[in-house]
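This structure is in structure tokens; I'll ask about it shortly.
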Amino acid sequence: KKNKPVIVITHSQKFYYEYKEKINFSKLIYLPFAANSAIFKYNNIIDKDIDLSFSGILKNSNKFTYQSNLRLEIMNNIFFTMGHIPIKKRNFYNKFKIFFNSIPRNHYEYYFSRLINKYKFLDIHDYSLVLKRSKSFLNTLSPWGIVSPRYYENFFSKSLIFSENSNYLREFNKNNHIVTFNNVNEFKD
């Protein structure tokens, strides 16, 4: 407000809707993320052999974020866990091939999960291959309601998206490429 820029660009719909009436000194533009189709475009030579995938941080550790515990709750529903590390699938999920590459929330669990091969950093090639192999992918909104590039990567990879329900997804889900849920029980169903 003090600098009065001509244009303000945001990738957060939450920010856009919250401030579009308050920023009257400049033009506010919502510009969503995207993905590189050359990297993530599905190739029918690749088998879709993974039923469900997740890769990333379980929950932002910043105490001022508005991110839900849904990723943690879903992991705990799918797996027997040790802290924030998935150890073994629960019986209900044994019939599914699940790739769950979660980053634990504290440093000790992070190093231990790497030591026991429960978390591995994926370079862009390995990461895109996981998406291309996945029939479905678990996405939840990041803090501040940001629809991350992963949604677009999933679209290119032809991986069905399972995401927490949110008004922020309306414009992305016009063709029902996103299955939404409100809680762990709905996700399990």
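The values are calculated or read from the model by the stated rules, or taken from the named source; none is laboratory data. If you're wondering where the values come from, they're calculated on a predicted model, not measured in any experiment. So basically every Cβ, Gly included, is an ideal-geometry build from the backbone, and we count neighbours across all protein chains shown. To get the accessible areas, we keep the full protein, side chains included, count just its heavy atoms, and leave off ligands, DNA and RNA. Shrake-Rupley method; radii C 1.70, N 1.55, O 1.52, S 1.80 Å.
Conditions tested, residue by residue: (1) open to solvent by 80 Å² or more (accessible area, probe 1.4 Å); (2) among the hydrophobic types (A, V, I, L, M, F, W, C); (3) touching a helix residue (DSSP H, G or I) at 6+ places or on another chain (Cβ under 6 Å); (4) over 17 Å from K48 (Cβ atoms).
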{"residue": "V130", "(1), (2), (3), (4)": "no, yes, no, no"}
{"residue": "K135", "(1), (2), (3), (4)": "yes, no, no, no"}
{"residue": "G145", "(1), (2), (3), (4)": "no, no, yes, yes"}
{"residue": "S148", "(1), (2), (3), (4)": "no, no, no, yes"}
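Next question, about the same structure. Give region 17-37 a look and list any residue that's small (G, A, S) and touching a Phe, Trp or Tyr at 6+ places or on another chain (Cβ under 9 Å), or say none.
A34, A35, S37
So which pairs qualify, if the first residue must be in region 22-38 and more than 14 Å from V6 (Cα to Cα) and aliphatic (A, V, I, L, M), the second must be open to solvent by 70 Å² or more (accessible area, probe 1.4 Å) and modelled with pLDDT of 90 or more, the Cβ gap must be under 7 Å, and the two must be at least 6 apart or on different chains?
Between residues of region 22-38 that are more than 14 Å from V6 (Cα to Cα) and aliphatic (A, V, I, L, M) and residues that are open to solvent by 70 Å² or more (accessible area, probe 1.4 Å) and modelled with pLDDT of 90 or more, the close pairs are L31/I9; A35/F156.
Sticking with this one: Does F137 satisfy the condition of being closer than 19 Å to A35 by Cα and either assigned to a strand (DSSP E or B) or among the polar types (S, T, N, Q) (or both)?
It is true that F137 is closer than 19 Å to A35 by Cα and either assigned to a strand (DSSP E or B) or among the polar types (S, T, N, Q) (or both).
Of the residues that sit in region 158-189 and are modelled with pLDDT of 90 or more, in a helix (DSSP H, G or I) and open to solvent by less than 40 Å² (accessible area, probe 1.4 Å), which one is farthest from S68 (Cα to Cα)?
Per the criteria, the residue is F187.
Restricting attention to strands (runs of 3 or more DSSP E) lying wholly within region 31-130, give those where 2 or more residues are in contact with a Gly (Cβ under 9 Å, 6 or more places away or on another chain).
In region 31-130, the matching strands (runs of 3 or more DSSP E) lie at 98-103.
Quick one: which residue in K118, K97 is modelled with pLDDT of 95 or more and open to solvent by 40 Å² or more (accessible area, probe 1.4 Å)?
The conditions single out K97.
Counting only residues that are assigned to a loop (DSSP other than H, G, I, E, B) and open to solvent by 50 Å² or more (accessible area, probe 1.4 Å), which one in region 6-30 is nearest to Y93 (Cα to Cα)?
Of everything passing the filter in region 6-30, H11 is nearest to Y93 (Cα to Cα).
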